[in-house]
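Structure record follows, encoded as structure tokens.
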Amino acid sequence: MPELPEVETMRLQLKKYLVGHKITSVEVKNRKTFQGDETKILDVKILDTRRFGKVSVIDLANGRSILTHVKLTGQYIYRGPNLKNPSKLSNKVVGGVPGPHTLVVFNLDRGGKLYYNDVRRFGWIRIEKTEDVEREKFIVKLGPEPFKDLTLEIFKSILSKSGRPIKIVLMDQEKMGGVGNIYANDALWLAAISPQQPANNLQPEEQKKLYEAILTVLKAGLKYGGASELAFVTPDGAEGEYQNHTLVYGHEGEPCERCHKGLIKKFFLGGRGTYLCPVCQV
Ligand SMILES: [Zn+2]
């Protein structure tokens, strides 16, 4: 599932391409995906984009907002005058745009189009009043987030309150936002901490190392435009690159790049693929 770097990359590109456009009409091909009254978002300027955890928000000049959670396979693809040289569409956009998996089309002024594709159809788009956005239950419940309000002190206090495996705590979006499976794996490897270690067992030095490792891997994710592992593509139609730069994620059977002794092992923890070096992550 897209994580902080992917959703943030998407938000930044949506901002770049959409701000200043107006939506002239909306073609809704799947009512379960698109919730709300599309007539409320027509013929007003798009002002800005925001992000709350994995939800991106497009704010309009009339006090309405478009919230989107792309879940596993949702994709926004922009085509129009603000994208001068569109790259070749990634083959992760199954069927192209518009195509059999295009569930919503936002027609924009000046010939622009914003397509929403979703093969698995778990994602959703919702129209709301802008003033209601931050009162949404899932936003109120979001834990503090790296680069925003997750300080080292808050991080330490979150870890000290849980005896569950550290990797599960990192990925619990109500404890802290933004760190999903890929980045949790890489951060734990970088900090040389076992994913199975109970969170409240970490020593102050390890807590600090892990906090810094989280910031490092998320920064790398942002730098590479996110990871296009499953279906993630950026709104310009290209792919993120972080999957080619992971530290431990996806490296099963390869020698550990730090100790050169261990072979990376894969197992499942809380149902998610977990990678570790059995020599230096103990
Ligand atoms: Zn190692």
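The values are calculated or read from the model by the stated rules, or taken from the named source; none is laboratory data. What you see is a predicted model, and the numbers here were worked out from it, not measured in a lab. FYI the Cβ positions are ideal-geometry reconstructions off the backbone, even for glycines, and counts take in every protein chain you see. Protein only, heavy atoms only, side chains kept; ligands, DNA and RNA dropped before computing areas. Shrake-Rupley method; radii C 1.70, N 1.55, O 1.52, S 1.80 Å.
Across the chain, Cα pairs under 8 Å and at least six residues apart give a relative contact order of 21 percent. Overall, the accessible surface of the chain at a probe of 1.4 angstrom is composed of carbon and sulfur to the extent of 52 percent. Here, the stretch 119-165 yields an orientationally averaged convex hull projection of 6.0 nm² when only Cα atoms define the hull. Counting only protein heavy atoms and a 1.4 Å probe, the chain has 44 square angstrom of accessible area per residue. Counting only alpha carbon atoms, the long axis of helix 204-223 and the longest principal axis of the chain meet at about 30°.
For a test of the definition: using alpha carbon positions, the gyration tensor, and the 1.5 limit on a/c, classify the stretch 1-101 as rounded, prolate or oblate. The shape class here is rounded. Taking a virtual spin label 7 Å from the Cα of Lys71 along the C-beta vector, which residues in the stretch 113-128 bring their backbone nitrogen under 20 Å of it? Of the residues in the stretch 113-128, 115-128 have backbone N under 20 Å from the label point off Lys71.
Each residue of the stretch 140-192 gets 85 Å³ once the volume of the Cα convex hull is shared out per residue.
Model label sites at Lys219 and Cys280, defined 7 Å from Cα along the beta-carbon direction, differ in position by 1.9 nm. The separation of the stretch 124-149 from the stretch 70-101, counted between C-alpha centres, amounts to 26 Å. With n ≥ 4 as the cut-off for DSSP H runs, can you work out [θ] at 222 nm for the chain, using -39500 (n - 2.57) per run divided by the number of residues, rounded to the nearest 500? That comes out to -7000 deg cm²/dmol.
Whole-Hz Karplus values for the stretch 161-174 come out as 8, 9, x, 6, x, 4, 5, 5, 5, 4, 8, 7, 5, 7 Hz, taken residue by residue from phi with 6.51 cos²θ - 1.76 cosθ + 1.60 and θ = phi - 60°; glycine and proline positions read x. Label point of Asp149 set 7 angstrom out along Cα-Cβ; within the stretch 33-56, amide nitrogens under 15 Å from it belong to 51-54. Using only the C-alpha atoms, the convex hull of the chain corresponds to 125 Å³ per residue. Annotation: peptides 173-182, 141-150, ranked by per-residue average of other Cβ atoms within 10 Å with the highest first, follow the order 173-182, 141-150.
Hey, what did the stretch 27-169 get for relative contact order, percent, Cα under 8 Å, at least 6 apart? For the stretch 27-169, the relative contact order is 28 percent. Computed from point charges on the beta carbon alone (+1 for Lys and Arg, -1 for Asp and Glu), the dipole magnitude for the chain about its Cα centre is near 380 Debye. Let's test the formula: R0 of 51 Å, r as the Cβ-Cβ distance of Gln197 and Glu136. What FRET efficiency results, to the nearest 0.05? It comes to 0.90. Note: relative contact order over the stretch 193-268, using C-alpha pairs below 8 Å and six or more positions apart, is 16 percent.
From most to least packed by mean Cβ count within 10 Å, the peptides 79-89, 41-51 give 41-51, 79-89. Gain on full extension, evaluated as 0.36 nm per residue between Lys129 and Lys16 minus their Cα-Cα distance, stands at 38.4 nm.
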